[in-house]
Structures are given as structure tokens and as C-alpha cells.
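Take a look at the structure set out below.
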Amino acid sequence: MPQAPRNNTLEGQLIMTASDVPDRFEPWPPGIEPAVPIAGYPNTWTFTPSQPAIRRPATRTEATGPMELQRKLPCGDANLAELSPGKFAIGQLMHIAGRILDEEGRPVRGAIVELWQANAAGRYFHPIDQRAAPLDPNFVGNGRIRTDEEGRYAFMTIKPGAYPVPVKETWWRPPHLHFSVIGPSSLSRLVTQMYFAGDPLNALDRILNSIPDRAARQRLIARDLPPAEVGDEWLGFTHDIVLRGRHATPMTP
């Protein structure tokens, strides 16, 4: 198992940093990784290698760094809902927060967390998305922050809309957020998605259901926070993301 960090504690809790070199990373158990190719989703191979990974021992290059990644990837774009002062995006305001954890449940501080999403009409601010749905001039739909000393991240944004997948036998993608997390090593980057509890399109989403293990699929669904806790100005959600291990947040294509 990974070695415990030295002198990295916060109120008695171990914290993972880029200076901690694990002996090895535990493999993902069966059922966590998506089963590909995904029927009815031609972009499967765009996001997924066609050949299995070449297994080799992890050296210091793979097990640590990149150091001070925030210098290369500037952070601070945490408010997607207000593009500039007084210019709010159209849609239901929501706040999403959580922690980035390593496979031993330790907070990962200094992780780079990127978020991107469709707007309230289910359209991305990207030239590839030419669907006949309105663009919001006050919503770009992407942000990037760095986790704090306790591994916490938070974004203010709007709840995205659903959209159809442009294939012959079309199906609709439920509202979801895309996340990219780069932890303390090049082996701990995770690209995944987050869904909302109770949405009827979740049961029909071929990407979510490409993950065989039911418990692993549940780790992609955010937890609603009660209005009494967050107030009446926006919806609140919490969502922890685990890098690798038996309780890993599954990757998605």
C-alpha cells in the first residue's frame, strides 16, 4: 500500500501531497471502468484507447509531480454563473462543492480541478456543438480551481440542460458536469462526469450505464443539500471525488 506521508497532517488527518511517493497504486477492481465500446455512442474511441495499456512499473517520473502545476494551469475560475460583474448566466443557480481524496481517503491538497458543462439549454460553448439550441452570451461553461489544504473544491454555476446524442437511434444525455482532476502524480489524473439524483434520463444514459458496478455508478451521482442548509438563492450539491483504489470515482469516456 502507499506509504504514509511524513509530517503532512491536518487536525490528525493525513494529507497526500506531490512529495509523497507511493510504493505502488492499487488497481481498480472489476466493474469500475466503463465497458467499451458503448453501443450508440460513436465517440467512444475518440476518448478511449483502442488497445490495452502497456503495463510497466511506476518510476518516480510517473509516481510524482508535476510539481506546482497551478503555475502552468492558472486557477481561480470558480464562478461560472457570472461571466463578469452583473452579467449572470440564464438557468437555475447551483453550488457544487466537495473534496478530492486519494485511495486511502486522505485529502489531496493542491489538486487541479477543471469543470466544463453545457448551458441551461443543453448546448456547449464550442464550435463543434452546432445543435439548434440557444447559446447564452453570459455563459462559457468552464472553470478551473486548486483544492485547499483540506482537499476541498467549490464552483458556482448553473444546472445544465439535457441534450440528444446525434446518432441514428438517438438518445438523450441527462444533465451532467464534466470534471478533470490532476492529483499528486501523473497516474492520478481522472476525467469523469457527475450526475444529479432522481433525473429520469439517468436510467437511459448509455455512458453512465456503461459502468457495470452499481455501487460505482452511484459514486458519479451528487448528493443534494437541503434548502435549510444552503438558503433560497441556489441549489446546493456535494460531490467527493476519489483518485484510484477500491472506492475510486469511475472515469467516463
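The values are calculated or read from the model by the stated rules, or taken from the named source; none is laboratory data. Predicted model, so just to flag it, every value in this text is computed and none were measured. Counting neighbours? That spans all protein chains shown, and the Cβs are built from the backbone with ideal geometry, glycine included.
Exactly one residue out of A203, A154, A216 is without any contact (Cβ under 8 Å) to a residue 40 or more places away in the chain, aliphatic (A, V, I, L, M) and out of contact with any Phe, Trp or Tyr (no Cβ under 8 Å at 6 or more places or on another chain): that is A203. Scoring T170 on the criteria (1) closer than 19 Å to S210 by Cβ; (2) surrounded by fewer than 22 Cβ atoms within 10 Å (Cβ to Cβ); (3) touching a residue at least 24 places away in the same chain (Cβ under 8 Å) leaves a single failure, condition (3). Exactly one residue out of G122, G183, G141 is in contact with a Leu (Cβ under 8 Å, 6 or more places away or on another chain), of a type outside the set (A, V, I, L, M) and at positive phi, and it is G141. When residues in the range 198-239 are screened for being of a type in the set (D, E, K, R) and either under 27 Å from T44 (Cβ atoms) or touching a Ser or Thr at 6+ places or on another chain (Cβ under 6 Å) (or both), 8 of them pass.
Do we have A118 as small (G, A, S), more than 19 Å from R244 (Cα to Cα), in a strand (DSSP E or B) and at pLDDT 75 or above here? When the stated conditions are applied, A118 does not pass them. Scanning the range 71-86 for residues that are exposed (fewer than 12 other Cβ atoms within 10 Å of the Cβ) and without any contact (Cβ under 8 Å) to a residue 60 or more places away in the chain, we see that the one that is nearest to R123 (Cα to Cα) is S84.
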